[in-house]
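Everything below concerns the one structure shown next.
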Amino acid sequence: MSADELPVIRGGSSLIENQSQCPFRAFARHRLHVSAPGELTAALSPAERGSLLHEALYLLWGQLEDSEGLHKLTVEEEQQLCSAVSAEALTTLDSDRRRAVGAACVALETQRLTSLLGEWLAVERSREAEFRVTQREHSQQVTLGPLTVKLQVDRIDTLADERQVIIDYKSSLSKVTDWLGERPRRPQLLLYGLAAESHPSALAFAQVRTRDCQFVGLGETEFATGVASDIPKATRGRAEAADWEQLNTLWGEHLQRLADEFLAGQADVDPLGPDTCTWCGLQSLCRVNHPVEVDA
Amino acid sequence: MRVADVEARSTALDSTRSFCVSAPAGSGKTELLIQRFLALLATVERPEQVLAITFTRKAAAEMRGRIMQALADAQQDVLCAGEHARVTRALACEALAMDGKNDWQLLSNINRLNVKTIDSFCAGLTRQMPVLSRFGGQASATDDPEEMYYEAVRELFSVLDSNRPAAEDLAALLLHFDNNWDRLQALLVAMLARRDQWREYIGIAHTPEESERYLQKVVRQLVVDLLSPLSARLSIYEPELFELLCYQARNLGIPAPATFPAADPSGLAHWRQLLTLLLTKSGGWRSRVDKSMGFPAGKGRADEYRERLTALIVELRELEGLHELLLDSSYLPDTDPDNQSWQLLIHLSRVLPLLAANLLLVFQSRGLVDHSQVALSALDALGDDEQPTELALRLDYTFEHILVDEFQDTAINQYELIRRLTRGWREHNEQSGNRLRTLFIVGDGMQSIYGFRDANVSLFLQARNHGFNGLQLEYLQLTSNFRSSTAVVDWVNDTFSSAFPEQDDVARGQVSFSKAQAVNAGGVEAAVALHAFRGERATQAEAEFIADAVRNALTEDPEASVAVLARTRSQLPPILEVLRKQQLDYAAQDIESLRDSPVIADLLILVRVLVNRFDRLAWLSLLRAPWCGLELQDLLLIGSYGDSPGEQPIARALADKPLRASLSDDGQSRLAWTDQCMQWAEQQRDRLSLREWIEELWVRLCGPGVVARERGLADAERFFQLLEQADSVGVGLDIHWLLNKLDKLYADPGDNNARVQVMTLHKAKGLEFDCVIIPDLARRSRPDSRDLMLWDEHSTSQGQRQFLLAVDDHSKKESPSLYNYLRQERKRKTLMENTRLLYVGATRAVSRLIMTAIPGYDEAKERYREPGELSLLATIWPVFEQQMIEHVCDDMSAVENTAALPGLVRTARPPVVTMEALEAPEVNRGQVPRFADNMIDRAAGTAVHRLLEALAQIDPLPTKCDKQQRSLADFVLRSLGLHGTVLTEAGSRVMEAVDATLADQEYGRWILSSDHAQSACELRLSTADDSGTAHDIVVDRTFVDCGTGVRWVIDYKTSRPADDQPLTEFLAQEAASYAEQLQGYRHALTSFGEEPIEIALYFAAIGCFHRL
C-alpha cells in the first residue's frame, strides 16, 4: 500500500474484522471505498435500534455510575430511570426519521427499551463483585505497524482491585468462539484489549437481548456469570493457550498478522464460513457465487 | 398378467353409485377416471352434466386429451390391444352413440367436456354471479398477490397512529414481538395468504367476543378429547396413581387432589402433576425416582412408596400407545383468561378481521384478486346451507355427476365447495329413483404431501367414512401396480408397511399403508439399492456415485429415463455440478433460481448502474464483470481516486485523463470499450424501450460472448422479457420489482428431452421413470424454527372440524401451552408427511430405485447415529441400516484441488477503442429529421430491400412477383407515408426492380437462393473502425457459396444510370462512392469464419451484379 493511501483508510475495528472474515471484503470496503446498499425496513432498522440501545445504556450508567448506585435503587426508581433514559435515547433519533416511522413506533420502541433495560439490570444486579463504570463510549486507538485503528469502546468497568474489564454491548447472539482461531470472527473486543493502557483482566460481550440477557466473555477474573476463566478449557481445539496472558499474546499476533495482510494487499475472496456472505452485500463485485465454470 | 382388483375396477364404472376410490401409486388411476367419465357420458342429456375436477392444469389437459383420444379412436375404429383398452373402447363407443343421438359433436368441440381445475371452476362460478360473489365487475386473479398483502398490512399499521380500538391490540402484538415491524409484517402477510384457513372462524363476520368464545370452546373440547382416552386407559390403575399422587403432594407441600383428576380442564393441573410422576422433563419414561419429585429415600414407608411408583412405571411402560397419550397431554394448555398467551390470541382475533377487510379494499382498488379470493367468492356465490343462492339452485340442475381427482390433497375450501355442490343429492336420489346423481372421488392417502399448502388428508378420510350431506360413498380399494416391477413393489411393501402408522386416524390426519400387487413380473437384479456414505469427502463421493449411477442406467438401457429426485432444491447443486463436469446432459425443472444465474447477476449490475449512476458498488462491479474484467490493481486506482474516495462518483474518476493514463495498458483498452458502451447508454436514456436499451447495451458490451453456459442465453431472454413487462405495467427500471419477479422464476431447465430429469419429490408426483435416484436422505428439512404463529385445523373423532390458533408465547419448549401443543401437533404431521413423501418418491421407479444418504457416524462407538427425526431417512432407518452398502470416503488426497476461490473470468479481448475516438464522440446523435431529396426513390429503395429479404426466405424462388409480394410492397410503402399517385408510381417501380432481379438468372436468383450456407439478410452488426469509433451496420445479404466456399457480402442498390450515362461509367462511379463502406462490412465479417470474403453491389433495378 502506498504512503498516499494510508491516511485515507478509514474503518476502525471493522477493518480488521472484515480482513478476518474475508480479505476481499476488507479490500473492497476500505480501499475501494464501497459499501453495500441498505435494506428497506418497515420501521426502525436493526442498526438504528442498536444505536438507540447503546445510547440508552450510556445514559443509564451515566446516572448509576457503579454497582452501589444500582443496588440502592428501589424497584420503582429503577423502572422510572429505565423509562427516562429510554425516552431520552429516542430523542437522539433524527427528526426526519421520527416523522418517517411515526409516533406510535417511537412510543413502542421506548416501551421496549424500558423493559429490555430492566431485564439487563437484573443481570447486572446478579454480579457479585463490586464495580465502577469508569469509561463509556471511550475513544481510543491502536497501532498495528503502520496502520492506526480508531476505536470506540462501549464500556470499561473497574473492579474493587482496580483491574479493568472491557465490555461491548451486543444485541445479537454472541459467543467467545468468535474470538478464537487464526481468523477470529469478531475481533473488536480483542482490539480494545490491545489498545488498553493496562492489560484488562477480562473481555466480555454484554448480550442485551430480550429474554436472553447475559454476559459472555473470557478473562482471569469471573466478574460475572458467563465469563469463563478456565482458558485451556474455553479455547480447547481452537487456540493453543495455557492462560490468559498467553491468549492475549496470541491475539496480538493474530491481529498484527491480519493488519499486515491488509497492508500487503491480500485481497483473496476467501469467506471465513458459510454464513459470512449472508449480510455482506458485495457479491456482485467479488463474484463469489460465480466461480469459473468448467464447460465454458 | 394378473390383475388382482379387477372386480373393484369394474364396480367403479357403475354409473348409478357413488364411490370413494383409494388408488395407490401406479394403479392406473387416470385410466379409471377416463373410463368412468366415458361411462357417465353415455347416461346424460348433455355432456356438461358430467364435471371432473383435477388438481393441476396439466392434469386437466391430459384428461381432456385422453378422453378425446378414446372417442376419436373409437370413431375410426383403431385397433386396440389389452383388456383395459377394450373396456375403454366399449365405453367410448357407448358415449359416441349418445353423442350421435343428441348431436353433441364432442369430437369437434372439446370444450363441451367439463374437465376443470378447482381454480378455473371457481373462476367460472364467480363470473356467473358477479354480484353475489362480491367482486362487482370483473376482477382478474393474479398468480402474484404478495404485493397486495403487503399493502394491506401497511394499511393496518397506519391504524397505530389513530384512536381506533384495533390500535391498542396491534401495539400489544408489536410489543410482544419486540417492536420488530418487519417480522410482524411478514407474519401477517403469511396469515393473509392462508386466510381461507381462519376466515371462517376469525373472519370479518365475527365479533372478537364470538371468536374468543369459539376458541375457548375448542380448547376445552381438545382437553376433554385428549384426557378421556388417557383416563380410560389408566382406569384400573386409578387407585394406585391417586395414592401416589397424594403422597407426592404431601411431600412437596402442594395441594393434593380431592379425587382422581377428572378428564376435563378442571383437572388439568393435577394431570400435569401426575405426568411428573411417570415421565421425565424430556418426555421419556422415568427410571429414577427421587426426592426432588417428592419421593425421598428412607427406610420403611419412604422406600415402600418409591418401590410402588417404580413398579407401577414398569407396568405402565408395557401398555401400547400410553406413552404417546401421556406426551400429548403434557402440552395441554390452560384457558385462563389472564394468561398472557391467551391475551395475545385475543389481540390477534381483533386485528385479523381488520386486516382481511383491508385486503378487500386493496383488491377493489386494483381490480385484482388472489386465487383464495376466487375460491372464497365461489363459496359465497353458492350460499350457505340455509340460503342457497339461485346460482346454487341452477347448478344443482346442471351437474348430475361429479368426479374429483387427487382428493387426498384437498384443502378445506375445496372440500366445502364439493359439499355445497352436492347439497340435496341424497334426497334427489331417494325420491327420483332414476337419473341418479353420483359423486366419485379418487385419491391416495399415502400420497398426501401438500400439508404445507394446507392440504388436509383428514378430509379425504372423512369423505370416505361419512360422505357428503348424507350421500354415502362406497369405498373401493385398488391394489394393482401397473408401473413398477415386482422387485420394486415388494421392497416398497416391506419397507413402508412398517414406516406408516398402523391405523387410519381422522383426527390426526394419519393414514395407514396398504400393500400393492405388481402386475409386471420380475425385474432387474438388485432393483433397489441403498447406499450410505461417510467420511470427510462424503458429500463429494455421494455426488460422484450418483453421476455414475446415472451413467450406468443410461448405458444399461439406451431408452431408459432417469430421475434424480431431491426433497429440497438446496440439496441439488453439488450433484448438478458433478453431472455438468461429467457432461451428462440433464433437465432441471424449477431447480436453479433465475436470480442465481451468472448472466442475471451481470445484467443486474447493468441495471443498477443505469438506475443510479452514483452507485459505486454497481460501477466497480461493472468494471470487474467479464465484459471488462479490470485487474484489482486498476480497480484500486479507480476506487481510491480523489480526496474522499467514498464520495466520488466512479464516472468522475473515469473522466480523469491522468488517472486513465496511469492504468495498465490492458486496463486502458478494456476500460475504453466499456466506457464507450456506457456513454452510448447514457445518450440513449429514455429514447429506447427498456428492453432495447439494456439488451443492446449488453450486446455492445459483448455480454452474450461471456455467457458460460448455453442456457444462460435463455435466462437472459427471460430477463429481457421481464423488462418488457416492466415497461408495460409502467414500473420503469425498478430494482426491487425486478428482484421480486426474479425470485419467483427459475433458470432455464435445459433440454426438455434430456433423458435425465432433476426435480423435487413434490414435482415428481404423478410421473414415472425407469430409474429413480433419491439422494441425501439424512438431511433435515429445515431447522426446527419457531414460527410466530401456529394454527391447525383438525377433525374431532365425531368428524367435526375445528380450528386452533396460537401466538408464540416465548415459553420453553416443554411447558404446557397452546403454542407448544400446536407445535407438537405440527411436528407429528410433518413426520407422517415425510413418510408419505418418501413413499411418493420410491413409487416413481419402474425398474430401479437407488437411495443414498450421509448418516451421522459416531467414530468412538463405531456405529451410525440415529438420523435426525425430521430427515426422510428416519422414516425407513431400520430397513436402511440393515440393507445399506457402506462407502467410507476419508481419502482427501483423491479430492481434486478445487480452489473454490473465484478467479477472474473475462472476455479475451474487448474491441479496441482509441482515446481520440472517445474524446470526439459523434456529434449530432439526436434524431434530427433530414431533408428527403426524393421521397419516392427512398421509399422504393426501402421496399425493394424488404421484398428481397422476404424472397430470400422462399424456396423455391418464384419467377415473378405474385400477389403476396405486391401486398407486402404496398404495405411497406403505405407505412412510409406514401399515397395516391405517388404510391402507385413507387409500387410499380418496386415491382419492376424486383422482377428484374428475379429474371436475372445468373446473379439475381443466385443471390436470393436458399441453397447457401450461413446466409443472412439485413444482418445487424456493431463494429469498431480503425479510429476506434463504433458503428452500427446492416448487411443486406451475406452467405457462403457452397460451390466455391467464398463468403459473399452484397449491398443492394436501387439506383440506375441516368438515361444517357454508359453503364460502365455508372458502375465505376457507384463503386467509388460505396467502396469504403463495403470495406467496413468486409472487416466486420472477418470474425465470422475463415472463408475468403468477396464484396459486391447488386443493382436490383437493372439486374446488374458488380463485384468490387
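Any idea which of B:Asp1026, B:Asp1032 is surrounded by fewer than 17 Cβ atoms within 10 Å (Cβ to Cβ), free of Cβ contacts under 8 Å to residues at least 12 places away in the same chain and either more than 48 Å from the chain's Cα centre (by Cα) or under 30 Å from B:Ser669 (Cβ atoms) (or both)? Spell out how you get there, then give the answer.
Numbers: B:Asp1032 fails: free of Cβ contacts under 8 Å to residues at least 12 places away in the same chain.
That would be B:Asp1026, the only listed residue that is surrounded by fewer than 17 Cβ atoms within 10 Å (Cβ to Cβ), free of Cβ contacts under 8 Å to residues at least 12 places away in the same chain and either more than 48 Å from the chain's Cα centre (by Cα) or under 30 Å from B:Ser669 (Cβ atoms) (or both).
Here B:Ala52, B:Ala59 are screened, and the one residue that is surrounded by fewer than 23 Cβ atoms within 10 Å (Cβ to Cβ), in contact (Cβ under 8 Å) with a residue 12 or more places away in the chain, outside any loop (DSSP other than H, G, I, E, B) and within 27 Å of the chain's Cα centre (by Cα) is B:Ala59. Just one residue in the set B:Asp328, B:Asp336 is assigned to a helix (DSSP H, G or I), modelled with pLDDT under 85 and in contact with a helix residue (DSSP H, G or I) (Cβ under 9 Å, 6 or more places away or on another chain); that residue is B:Asp328. The residue pairs whose first member lies in segment B:452-480 and is in contact (Cβ under 8 Å) with a residue 24 or more places away in the chain and over 20 Å from B:Leu33 (Cβ atoms), whose second member is among the charged types (D, E, K, R) and part of a helix (DSSP H, G or I), and whose beta carbons are closer than 7 Å, counting only pairs six or more residues apart or on different chains, are B:Asn469/B:Arg419; B:Asn469/B:Arg426; B:Gly470/B:Arg426.
With a requirement of 2 or more residues that are out of contact with any strand residue (DSSP E or B) (no Cβ under 8 Å at 6 or more places or on another chain) and among the acidic types (Asp, Glu), the helices (runs of 4 or more DSSP H) lying completely within segment B:204-305 that satisfy it span B:208-234, B:238-252. Only one of (1) under 30 Å from B:Ala193 (Cα atoms); (2) of a type in the set (A, V, I, L, M); (3) in a strand (DSSP E or B); (4) modelled with pLDDT of 90 or more fails for B:Leu738. Which number is that? Against the list (1) under 30 Å from B:Ala193 (Cα atoms); (2) of a type in the set (A, V, I, L, M); (3) in a strand (DSSP E or B); (4) modelled with pLDDT of 90 or more, B:Leu738 comes up short only on (3).
One residue stands out in segment A:70-106 among those that are among the small types (Gly, Ala, Ser) and modelled with pLDDT under 95: the one that is surrounded by the fewest Cβ atoms within 10 Å (Cβ to Cβ), namely A:Ser95.
Just one of (1) buried (at least 24 other Cβ atoms within 10 Å of the Cβ); (2) closer than 23 Å to B:Arg823 by Cα fails for B:Gly443. It is (2). Consider segment B:577-612 and keep the residues that are in a loop (DSSP other than H, G, I, E, B) and free of Cβ contacts under 8 Å to residues at least 60 places away in the same chain. The one that is nearest to B:Arg685 (Cα to Cα) is B:Asn612. For segment B:1-49, a residue qualifies if it is of a type in the set (Lys, Arg) and either farther than 22 Å from B:Phe482 by Cα or in a helix (DSSP H, G or I) (or both), and the qualifying residues are B:Arg9, B:Arg17, B:Lys29, B:Arg36, B:Arg46. When you check B:Gln589 against the structure, is it touching a helix residue (DSSP H, G or I) at 6+ places or on another chain (Cβ under 9 Å), surrounded by fewer than 19 Cβ atoms within 10 Å (Cβ to Cβ), within 14 Å of chain A (Cβ to nearest Cβ) and not small (Gly, Ala, Ser), yes or no? Criteria not met by B:Gln589. Residues considered: B:Ala381, B:Ala375. Of these, the only one that is part of a helix (DSSP H, G or I) and more than 29 Å from the chain's Cα centre (by Cα) is B:Ala381. Would you be able to say whether some residue in segment B:567-576 is without any contact (Cβ under 8 Å) to a residue 12 or more places away in the chain and at the interface with another protein chain (Cβ under 10 Å from one of its Cβ atoms)? No; the residues of segment B:567-576 include none that is without any contact (Cβ under 8 Å) to a residue 12 or more places away in the chain and at the interface with another protein chain (Cβ under 10 Å from one of its Cβ atoms). Considering the conditions (1) touching a residue at least 40 places away in the same chain (Cβ under 8 Å); (2) in a loop (DSSP other than H, G, I, E, B), B:Asp715 is excluded by exactly one of them, (2).
Within segment B:645-668, if we keep just the residues that are closer than 16 Å to B:Arg624 by Cα and hydrophobic (A, V, I, L, M, F, W, C), the residue that is farthest from the chain's Cα centre (by Cα) turns out to be B:Leu663. Could you tell me which numbered condition B:Tyr1052 fails, if it satisfies all but one of (1) touching a Lys or Arg at 6+ places or on another chain (Cβ under 8 Å); (2) surrounded by 17 or more Cβ atoms within 10 Å (Cβ to Cβ); (3) within 30 Å of B:Ala672 (Cβ to Cβ)? Looking at each condition in turn, B:Tyr1052 falls short on (3). The set of residues in segment B:62-114 that are more than 17 Å from B:Lys29 (Cβ to Cβ), in contact (Cβ under 8 Å) with a residue 60 or more places away in the chain and not hydrophobic (A, V, I, L, M, F, W, C) comprises B:Arg112, B:Asn114.
From the set of residues in segment B:604-654 that are among the hydroxyl-bearing types (Ser, Thr, Tyr) and facing another protein chain (nearest Cβ under 7 Å), which is surrounded by the fewest Cβ atoms within 10 Å (Cβ to Cβ)?
Start the filter on segment B:604-654 by keeping residues that are among the hydroxyl-bearing types (Ser, Thr, Tyr), which leaves B:621, B:640-641, B:644.
When the remaining residues are screened for being facing another protein chain (nearest Cβ under 7 Å), the result is B:621, B:640.
On the way: B:Ser621: 26, B:Ser640: 21.
Ranking the qualifying residues of segment B:604-654, first place goes to B:Ser640.
Selection of segment B:718-735 for residues being part of a helix (DSSP H, G or I) and charged (D, E, K, R) yields B:Arg718, B:Glu724, B:Asp727. Checked against (1) of a type outside the set (Ser, Thr, Tyr); (2) within 14 Å of chain A (Cβ to nearest Cβ); (3) at negative phi; (4) more than 33 Å from the chain's Cα centre (by Cα), B:Val153 meets all criteria but (4). Among the residues of segment B:608-644, the one identified as more than 42 Å from the chain's Cα centre (by Cα) and β-branched (Val, Ile, Thr) is B:Ile638.
Here B:Asn163 clears all of (1) modelled with pLDDT under 90; (2) more than 35 Å from the chain's Cα centre (by Cα); (3) assigned to a helix (DSSP H, G or I); (4) not acidic (Asp, Glu) except the condition numbered (3).
Considering only helices (runs of 4 or more DSSP H) fully contained in segment A:214-296, which possess at least 2 residues that are over 19 Å from the mean Cα position of the chain (by Cα), within 14 Å of chain B (Cβ to nearest Cβ) and of a type in the set (Asp, Glu)?
Working: elements: A:231-235, A:244-263, A:283-286.
Fully inside segment A:214-296 and qualifying: nothing.
B:Leu403 meets the conditions (1) in a strand (DSSP E or B); (2) surrounded by fewer than 23 Cβ atoms within 10 Å (Cβ to Cβ) in every case but one. The failed one is (2).
Being modelled with pLDDT under 85 and of a type in the set (A, V, I, L, M): is that true of B:Leu804 here? Break it down stepwise before answering.
Details: modelled with pLDDT under 85: yes; of a type in the set (A, V, I, L, M): yes.
When the stated conditions are applied, B:Leu804 passes them.
Give the residues of segment B:1024-1047 that are hydroxyl-bearing (Ser, Thr, Tyr) and outside any strand (DSSP E or B), sorted by residue number.
If the condition is that a residue be hydroxyl-bearing (Ser, Thr, Tyr) and outside any strand (DSSP E or B), then B:Ser1027, B:Thr1029, B:Thr1044 are the ones that fit.
Output the number of residues of segment B:336-354 satisfying the condition of being closer than 12 Å to B:Ala806 by Cβ and surrounded by 20 or more Cβ atoms within 10 Å (Cβ to Cβ). Counting residues in segment B:336-354 that are closer than 12 Å to B:Ala806 by Cβ and surrounded by 20 or more Cβ atoms within 10 Å (Cβ to Cβ) gives 6. For segment B:454-503, the set of residues classified as surrounded by 23 or more Cβ atoms within 10 Å (Cβ to Cβ), polar (S, T, N, Q) and modelled with pLDDT under 90 consists of B:Asn456, B:Ser458, listed by residue number.
The values are calculated or read from the model by the stated rules, or taken from the named source; none is laboratory data. All of these numbers come straight from a predicted model, not from anything done at the bench. Cβ atoms come from the backbone with ideal geometry, glycine included; neighbour counts cover every protein chain shown.
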